[in-house]
Every structure is written in structure tokens, then in C-alpha cells.
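Report on the structure given below.
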Amino acid sequence: MKNVLVLGGTGFVGRHVCEKLQRDGWTTTVPTRRALNASAVQHLPRLTVLEADVHHEATLTRLLAGQQAVVNLVAILHGSEAAFERCHVELPAKLARACAAAGVRRVVHVSALGVSLDGPSRYQRSKARGEEVLRSAGLDLSILRPSVIFGAGDRFLNLFAQLQTVFPVVPLAGANARFQPVWVEDVASAVVACLNDSGLPMSSIGQTFECAGPDVFTLSELVRLAGRYGSRERPVLPLPDGLGRLQARLMELAPGEPLMSRDNLAAMSVDNVASGQWPGLSSLGLAATSITSVAPTYLGHHGTRSGLLAARRRFLRP
């Protein structure tokens with residue numbers, strides 16, 4: 001029996017990973033602080049949801065008992081230096097020690113394109129330190145570095161599509177930042193391919209893979225694309241650096257999770273595209289999917305029709 005622990009299994013990428021693991025015959029354990037957060041995956045066969053704090057090392061060690069592998073998807077985009085350190089560095093360190101204690105060697109870790117120990121953002125630097133922690137632990141490690149991830153339910157293209165239904169123009173910081181968007185299904189398939197490993201053009205153990213789509217876009221182009229495939233395309237107004245930083249600062253002060261932070265803006269000063277220094281999806285036997293073939297299938301449902309569908313779901317919910 002193939003048993004795997006998935007950290008971050010209730011998130012956007014995690015849900016797709018869990019579905020593909022289920023189809024591939026894996027028995028999956030997904031820890032979460034609240035079982036309610038796992039509603040999207042708890043119906044899957046051979047999947048167990050456990051309420052647990054994965055930042056507690058002893059708990060993490062217990063969760064690893066009987067597992068053949070672990071997938072780490074836990075990440076944050078916004079937060080203080082301490083929050084990035086806790087999530088991206090301290091958790092991988094605890095995971096490495098817990099793996100040693102539980103006798104688990106196989107680890108698939110999802111990082112990000114553009115990470116660097118001397119990167120311009122706290123996100124990039126903390127992600128790079130987390131990779132180093134795991135590399136130094138002597139594990140059978142595979143690291144995936146995706147560009148920005150798109151797909152139904154994403155908080156990227158959907159957000160820009162929704163904004164263009166409200167505002168007549170989109171003032172945009174970092175408009176010329178370059179991305180190579182990758183489909184969430186391709187990232188999930190890459191995780192499963194790394195776990196299976198056999199039959200790949202090359203062994204994934206000890207390797208870092210860049211997960212990127214076939215096309216490169218500026219942020220401005222992606223915003224216009226989201227509007228075009230959504231219900232309304234609005235003009236994009238690129239902001240100069242000073243106004244861009246002010247916009248990000250004001251967004252940080254708004255309640256809830258910010259749409260953009262100054263740290264995000266700093267990260268966008270480095271192109272989020274495949275460097276070519278590492279193997280890509282093709283080395284995992286996968287063909288990257290274009291954003292133009294997927295985005296039209298899920299964008300554009302934010303108006304009256306969307307409201308009627310939401311009302312229907314509420315009415316039918318037991």
C-alpha cells in the first residue's frame with residue numbers, strides 16, 4: 001500500500017494533488033487545523049483528514065508514522081519576517097527532523113520560481129532557505145519550483161477578472177513583471193510523477209524542477225487576458241514605481257488578506273520565468289498546458305449567472 005502525508009492538502013494546489021493521488025492509488029493523510037477546511041477533499045476515497053497542528057514537531061512525527069512519503073505544499077504569500085520564517089524555514093526544518101525520527105526518506109517539496117538567498121523579497125529569501133534546510137537533511141528529496149499557478153478557483157486570474165467587472169480602469173503596480181503561468185493540474189501531476197518516479201526520463205530524487213507553462217506574459221498582459229476571457233476587459237494603467245509602492249502599502253492596510261503587498265512588488269522585480277538551469281515538466285513526462293487553452297473555461301462567471309448558481313448551491317446544500 002502506498003501511503004503519503006500531504007501538508008497543505010486543503011489549499012488550492014493541495015486539492016488537485018489529493019485528487020490525482022487518489023486516482024493513482026495512494027492512501028492519503030491530510031492534516032488541518034480545522035476539519036471544516038478539508039471539505040473539498042474529505043469525500044475522496046482512501047483519504048483521511050486529521051485535525052492537527054503541523055507546526056508542532058511531535059505531532060508531525062506522529063503523523064509520519066507508517067507513511068512512505070510526504071508532500072509539503074505549505075506556503076504563505078503575505079506576512080511578517082517571522083511569519084515567513086515560521087512557514088518556509090522552520091516548518092521544513094521540523095519536517096526534516098520528523099522524517100528522520102519516523103524513518104521517512106521520500107519528500108516532495110513545492111517551492112517557487114525565482115527563489116534566492118539574496119532575493120529582493122522576504123518570500124523569495126525564506127523559500128530559498130527552506131530548500132537549503134531540506135537539501136542538507138539527507139532526504140530523498142524532489143523540489144518543484146512553479147511559476148504563478150492558474151486554474152479554476154485560483155486567486156490570480158479570477159481576481160483580475162472580477163476587478164474588471166467593478167472598476168472602469170485597472171491601475172497596476174509591477175505591470176511589466178514577467179511570468180510563465182503554469183496550470184494547477186500540471187503542478188499536481190508533477191508532484192505525483194515525483195512520488196512514483198519510475199518510468200520517468202530521469203530520476204526525480206535529488207532534482208529541482210522548474211514548473212512553467214509554454215508562454216511568457218507580462219502582468220499587464222495577464223490582467224487584460226483575464227478581462228477578455230472574463231466578462232469585461234478594462235484598460236490597464238501601469239503605475240510608476242513610487243505610486244506602485246504606495247498602492248501596495250495601502251492594500252496592506254486594508255482588512256483581510258491584501259491583494260498585493262510591498263513584498264510581492266519586490267518579488268516582481270525579478271522575472272518569474274524558467275531559467276533553463278533546471279529540468280522542466282518535460283523531464284517528468286509532462287507537456288505544459290497553455291493558459292489560453294484553460295482560462296476561457298473558467299473565467300467569465302462572475303455576474304448574474306454566477307449569483308444564480310451560488311444561490312442554487314445554497315438551496316441544494318443539505
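Miscellaneous remarks
- Calculated log₁₀ intensity ratio I(q)/I(0) where the Debye formula runs over C-alpha points of the chain, q = 0.16 Å⁻¹: -1.47
- Order by protection proxy (mean Cβ within 10 Å, highest first), peptides 195-202, 233-240: 233-240, 195-202
- The length gained by stretching the chain between residue 178 and residue 37 to full extension, at 0.36 nm per residue less their Cα-Cα distance, is 47.5 nm.
- Approximating the spin labels as points 7 Å out from Cα along Cα→Cβ, the residue 166-to-residue 203 distance works out to 5.1 nm.
- Relative contact order (%) - the chain, alpha-carbon pairs under 8 angstrom, separation at least six: 17
- Three-way shape label, the range 208-297, alpha-carbon gyration tensor, a/c 1.5: oblate
- Annotation: extensible slack from residue 140 through residue 118 equals 5.3 nm (criterion: 0.36 nm per residue apart, minus Cα-Cα distance).
- To the nearest ten degrees, helix 219-229 and the longest principal axis of the Cα atoms of the chain are 80 degrees apart.
- Using a simple spin-label model with pseudo-atoms 7 Å out from Cα toward Cβ, residue 156 and residue 277 lie 2.1 nm apart.
- Rounded FRET efficiency, nearest 0.05, which uses the C-beta distance separating residue 52 from residue 252 and R0 of 45 Å: 0.90
Only the coordinates and a few stated rules stand behind these numbers; no lab work does. Note that the structure is a prediction, hence the values are computed from the model and not measured. All Cβ positions, even for glycine, are placed from backbone atoms using ideal geometry, and neighbour counts span all protein chains on display.
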